[in-house]
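Take a look at the structure set out below.
Here, each number is a calculation from the coordinates, and none is a lab measurement. Owing to the predicted nature of the structure, the values given are computational and were not obtained by experimental measurement. All Cβ positions, even for glycine, are placed from backbone atoms using ideal geometry, and neighbour counts span all protein chains on display.
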Amino acid sequence: MQTIADRLINTRQLIHKATVYAKRPEHSVQLLAVSKTKPVSDIKLAYEAGQRMFGENYIQEGVSKIQTLNTLTDIEWHMIGPIQSNKTKIVAEHFDWVQSVDRLKIARRLNEQRPADMPPLNVCIQLNIDEEESKSGITPKDLPDLVEEIVNMPKLTLRGLMAIPANNTSPDAQHKTLATLQTLFNDLASKVDTVDTLSVGMSNDMQAAIEYGSTMVRIGTAIFGARQ
Ligand SMILES: *Cc1c(COP(=O)(O)O)cnc(C)c1O
């Protein structure tokens, strides 16, 4: 049976291959290990295998893991799930990144509630790039206004964009979506100098996402196994 350490090695190799294939520099794509629903013992195994960036979707679960693992001070914790406005405080107090900022109200509250003695919270704006009913995120036309607000918030650092493209489309539609996302990202990065992150690509679309400039892939199942 493959261990978490084996699966991490495989995943890193796939990322490396896709990066070479896309003629992009080595180490230009980071791996976020998505540990939602998985026990702390699995996170520790991944940590021992060298993984340092972890993503969680559920606030209570994520905060409880952060507290349990607080002696591992070099873990970088990313919130990647939807946030209700009455939960922003606990997110602002515990996470290093929030990739799922999808409205002004959430950004404002995170900025106000980030503790003064912590560094600014790194944030990505979540785009609903295929305008799907079932997904969170803003549409591209609303992006400029939200960017303008966030860049003026002292306790937030805008790092980039996050998206979950539709997964049952043709390769052509998938590539078109990824190309649109890449254009939006490049445009944003040319205007805001803290922007360096395009978070797109999961197990099923990682290679295509890397071809289209992803700088961070979010992988759960391929590392930790299927979820219940
Ligand atoms: C669950 C999740 C992932 C990882 O999905 P896998 O299919 O397990 O690799 C990535 N991004 C987000 C936003 C998720 O919710």
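Straight-line reach from LYS36: which lysines fall under 17 Å, measuring Cα to Cα and dropping same-chain residues less than 8 apart?
Candidates past the 8-residue exclusion: LYS44, LYS65.
Tell me which residues come under 5 Å, amide H to amide H, from SER203 once H is placed; ignore anything under 5 positions away on its chain.
GLY220
What are the ³J(HN,Hα) couplings of the stretch 105-117, residue after residue, when phi is run through the Karplus curve with 6.51, -1.76, 1.60 and θ = phi - 60°? Round to Hz, x for glycine and proline.
So the J values, rounded to whole Hz, are 4, 5, 4, 4, 5, 4, 5, 5, 9, 5, x, 4, 8.
Where does the chain land at 222 nm, in deg cm²/dmol rounded to the nearest 500, when only DSSP H runs of n ≥ 4 count, each adding -39500 (n - 2.57), divided by all residues?
Working: 9 runs with 93 residues, N = 228.
Estimated from H runs of four or more residues: -12000 deg cm²/dmol.
How much FRET efficiency would the formula 1/(1 + (r/R0)^6) give for GLN60 and LEU104, where r is the Cβ-Cβ distance and R0 is 35 Å, rounded to 0.05?
Details: r = 24 Å, r/R0 = 0.70.
For GLN60 and LEU104, the calculated efficiency is 0.90.
Using the Karplus curve 6.51 cos²θ - 1.76 cosθ + 1.60 with θ = phi - 60°, what ³J(HN,Hα) values do you get for each residue of the stretch 158-166, in whole Hz, with x for Gly and Pro?
Listing the rounded values in order: 6, 9, x, 10, 10, 8, 10, x, 4 Hz.
Against the 2.2 N^0.38 Å scaling, with N counting residues, where does the chain land? I'd like the Cα-based Rg ratio to two decimal places.
Numbers: Rg = 16.9 Å, N = 228, 2.2 N^0.38 = 17.3 Å.
Cα Rg divided by the expected 2.2 N^0.38 Å: 0.97.
Using a cut-off of 13 Å between alpha-carbon atoms, which aspartates and glutamates can reach LYS23, once sequence neighbours fewer than 8 places away in the same chain are excluded?
LYS23 reaches GLU211.
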